[in-house]
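To keep things clear, I will list the structure first and then write my remarks on it.
The values are calculated or read from the model by the stated rules, or taken from the named source; none is laboratory data. It should be emphasised that the depicted structure is a prediction, and the values quoted were computed from it without experimental measurement. Neighbour counts run over all protein chains shown; Cβ positions are idealised from the backbone, glycine included. Accessible surface areas use protein heavy atoms only, side chains included; no ligands, DNA or RNA. Shrake-Rupley method; radii C 1.70, N 1.55, O 1.52, S 1.80 Å.
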Amino acid sequence: LSVTGMITPNACTPGLSDDGKVDHGKLTKRDLHPDRNTLLPRNTLQLEVRCEGATLFALTTLDNREGSAVIPNHHGLGTTANNENLGSVSMGLSNPIADLTTPVRTIVSLDGGASWFVGTQLSHLSLLAVASVDNPTQPMAVTNFDADITLNTRIARADSLTLTDEVPLDGHVTVELRYL
């Protein structure tokens with residue numbers, strides 16, 4: 001028997017617009033560059049985090065298609081029937097606002113929160129937190145956080161893919177909130 005858990009002073013709930021779904025529609029092989037990755041049109045979703053009170057938190061991701069990215073530090077889009085990596089998606093935050101009206105900046109940690117620097121990439125390799133404009137070296141507690149998430153999707157070079165049948169883009173990322 002194992003009983004585990006954690007009591008937090010305030011609970012936070014993250015949310016994404018459009019149920020967190022991005023659909024690039026149908027692409028044909030001729031839409032893809034034969035000898036370099038094809039960058040698809042950017043998409044933007046709105047991220048919101050609502051907490052019961054001022055809370056220190058960070059965001060990270062889980063790449064649910066791990067190992068299928070064509071760019072190692074991005075998130076994967078799945079594979080073809082021949083196990084060829086289809087592409088990658090990266091996510092960056094912009095226009096961050098705390099507590100409905102306060103401009104803030106985002107900061108990133110690559111060492112589990114020991115040190116922070118100004119950054120916008122939301123990734124499975126880092127933590128992303130909210131900081132005041134005046135002190136970008138420490139996370140700050142907020143009750144509400146809003147930002148745009150810009151998604152940059154790249155499809156692998158066509159000459160590296162076997163495209164004899166339809167192949168679905170199958171990217172799946174979980175945004176995870178961690179209390180600091």
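When ILE97, ILE155, ILE107 are checked against the criterion of being free of Cβ contacts under 8 Å to residues at least 40 places away in the same chain and of a type in the set (A, V, I, L, M), ILE107 stands alone in meeting it.
For every residue, the table says whether it meets (1) touching a residue at least 24 places away in the same chain (Cβ under 8 Å); (2) under 27 Å from PHE145 (Cβ atoms); (3) not aliphatic (A, V, I, L, M).
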| residue | (1), (2), (3) |
| --- | --- |
| GLY53 | yes, yes, yes |
| ASN64 | yes, yes, yes |
| VAL70 | yes, no, no |
| HIS75 | yes, yes, yes |
| ASN82 | yes, no, yes |
| SER88 | yes, yes, yes |
| MET91 | yes, yes, no |
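All told, GLU66 falls short of being at pLDDT 95 or above and acidic (Asp, Glu).
Confirm whether GLU176 is open to solvent by 40 Å² or more (accessible area, probe 1.4 Å), under 16 Å from the mean Cα position of the chain (by Cα) and of a type in the set (Asp, Glu). In short, yes.
For segment 44-76, a tally of residues being part of a strand (DSSP E or B), out of contact with any Cys (no Cβ under 9 Å at 6 or more places or on another chain) and surrounded by fewer than 17 Cβ atoms within 10 Å (Cβ to Cβ) returns 6. When you look at PRO168, is it within 26 Å of GLY25 (Cβ to Cβ), of a type outside the set (Ser, Thr, Tyr) and surrounded by fewer than 16 Cβ atoms within 10 Å (Cβ to Cβ), yes or no? Yes: the conditions hold for PRO168.
Can we say PRO96 is touching a Leu at 6+ places or on another chain (Cβ under 6 Å) and crowded, with 19+ Cβ neighbours inside 10 Å? So PRO96 fails the test.
For the condition within 30 Å of LEU180 (Cα to Cα), touching a Lys or Arg at 6+ places or on another chain (Cβ under 9 Å) and touching a residue at least 40 places away in the same chain (Cβ under 8 Å), HIS33 does not qualify.
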